[in-house]
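Below you'll find the structure, written out as structure tokens, and then a few comments.
The values are calculated or read from the model by the stated rules, or taken from the named source; none is laboratory data. The shown structure was predicted, so the numbers you read here are calculated from the model rather than taken from an experiment. Here the Cβ positions follow ideal geometry from the backbone for every residue, glycine too, while neighbour counts run over all protein chains shown. Just so you know, the surface numbers come from the protein's heavy atoms only, side chains and all, with ligands and any DNA or RNA stripped out. Shrake-Rupley method; radii C 1.70, N 1.55, O 1.52, S 1.80 Å.
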Amino acid sequence: MTRTIIDIHLLHTVPPSNLNRDDTGSPKTATYGGKRRARVSSQAWKRATRTEFDKLLDRADLGERTKRLGESLGEQIADQAPDLADQRLELANQALTALGLAKPAKAKATGKTKTDDTVAAAESDYLVFLSHRQLDAIAAHTVEAYREGKQADGKMLKRLANQHHSIDIALFGRMLADLSDTNVDAAVQVAHAISVHAVTNEFDYYTAVDDRKDDAGEQGAGMIGTIEFNSSTLYRYATVDVDRLNDNLGDPDATRRAVDAFLTAFVKSMPTGKQNTFANRTLPDVVVVRLRDTQPINFVGAYEEAVAYDGATGRIRDAAARLAEYATAVEATYGEQPVRAWVSRVGEHTTALDTLGEVVPFAELVASVADEVAVRLGKE
């Protein structure tokens, strides 16, 4: 059976920054090709992509990942049935207990009559990813059961939790340890971004001045500290299994919107680590998208030998040339030519990539990829 795979390759230059910290506060790194590279974890960029979805998709297309399920479901119950606002947490807790996603919450010992002021919102033991439409449906069933003098039915709630998956759930997947048969296999894989060159982390020594010290005749800093940072040209890669995405969503129209949103959000997003300190938000120098019908292919091997610094053109010209050469060689060697390919790039230093596909502005690239997906889903 013919598959539809979308591979996304980016070269993204970032100035001094600390996008993604380890447990000591240092920028994350990895050793690749014997050299230390800057690294941004896949989880950090997936989170940034999901956050970007808020600008691109309606609430009905999105979900919520939280431990505070009682609070979330309680809000939906109160929205649907304002007369039950005082009982929202109690009803939410009952439904979540019946669903098996949360343990009964203990009442607060206040000595007052039992209302939602004395009921703690139920929480799960782990982050639970539910779509807004799933939460709305669970709330509606809970309200309906209450009005009929019943409690929410666990089997019905389970069915509702496994219908109408949101675009972000369909893309990134969901694992519920207590409801394993409602798990969703992710349609997207995101690689850890690594620098195409070797890096050495640096330290910024900073001071903060107490505005009132001059009045007191005092001198010196009110605070002293250091922040570790690096700057890099990153190779970023992600792949979308369009067939799995369509299976998860069950709707070709939604699949097209998902592809459009993911491409836009993944390319334009930026993890927010230390962003106020470094103002490091940039857009990629290069976006290469290849639509395949066989398997995804990551081109990180182009940078197994670290790119050296060229004082005349920086690193981006060499990085672009390497990507074009390596992609061409791999695809020719293994007979893995893409069905279609597109390139969006910035500046004269990236012209080597013109051989890899149709060169178009980014908005046109996104629209063309989404249209191609729609056509292929329609044919099938």
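For the chain, the 222 nm mean residue ellipticity estimated from helices alone, with every DSSP H stretch of n ≥ 4 adding -39500 (n - 2.57) and the total spread over all residues, rounds to -11000 deg cm²/dmol. Measuring against 23 Å, Cα to Cα, the residue pairs Lys55/Lys268; Lys35/Lys268; Lys67/Lys158; Lys46/Lys274; Lys103/Lys158 contain Lys35/Lys268 as the ones spanning a longer distance.
A simple spin-label model places the labels of Tyr205 and Asp79 5.2 nm from each other, with each point 7 Å out along Cα-to-Cβ. Counting 0.36 nm for each residue step from Asp153 to Asp185 and taking away their Cα separation leaves a gain of 8.9 nm. Summing charges over all other residues whose Cβ lies under 9 Å from the Cβ of Ala352, with Lys and Arg as +1 and Asp and Glu as -1, gives 0. The Cβ shell under 12 Å around Ala191 holds other residues with a net charge of +2, Lys and Arg each +1, Asp and Glu each -1. Have a look at Leu353, Gly149, Val375 and report the one farthest towards the positive end of the charge dipole of the chain, computed about the Cα centre with Cβ charges (Lys/Arg +1, Asp/Glu -1). Farthest towards the positive end: Gly149. Across all Cα atoms of region 270-374, the radius of gyration (one decimal) and Dmax (whole number) stand at 15.5, 47 Å. Its Cα centre serving as origin, region 280-377 has a Cβ charge dipole (Lys and Arg +1, Asp and Glu -1) of approximately 220 debye. Note on Lys103: accessible area approximately 130 square angstrom, rounded to 10, probe 1.4 Å, nucleic acids and ligands left out.
Gain on full extension, evaluated as 0.36 nm per residue between Glu228 and Ser368 minus their Cα-Cα distance, stands at 46.3 nm. Helix 362-379 and the longest principal axis of the Cα set of the chain meet at an angle near 60°. Measuring nothing but alpha carbons in region 66-106 and taking Rh as the Kirkwood radius, the Rg to Rh ratio lands at 0.96. For region 199-272, the Cβ-based charge dipole about the Cα centre amounts to some 340 debye (Lys, Arg positive; Asp, Glu negative; other atoms uncharged).
Pair-distance distribution P(r) for region 316-380, from all Cα-Cα distances in 10 Å bins starting at 0: 20, 41, 32, 6, 0 percent. Surface composition of region 123-255: carbon plus sulfur atoms contribute 44% of the solvent-accessible area (1.4 Å probe, protein chains only, all chains present).
Charge dipole (Cα centre; +1 on Lys/Arg Cβ, -1 on Asp/Glu Cβ; no other charges) of the chain amounts to roughly 640 debye. Counting 0.36 nm for each residue step from Lys213 to Tyr326 and taking away their Cα separation leaves a gain of 34.7 nm. For the chain, the Kirkwood estimate of hydrodynamic radius, built from reciprocal distances between every pair of different alpha carbons, is 23.6 Å.
Antiparallel beta bridges, as assigned by DSSP with both residues in the chain, represent about 95 percent of the total such bridges.
Reported to the nearest whole Å, the Cα centre-to-centre distance from region 321-345 to region 20-57 is 25.
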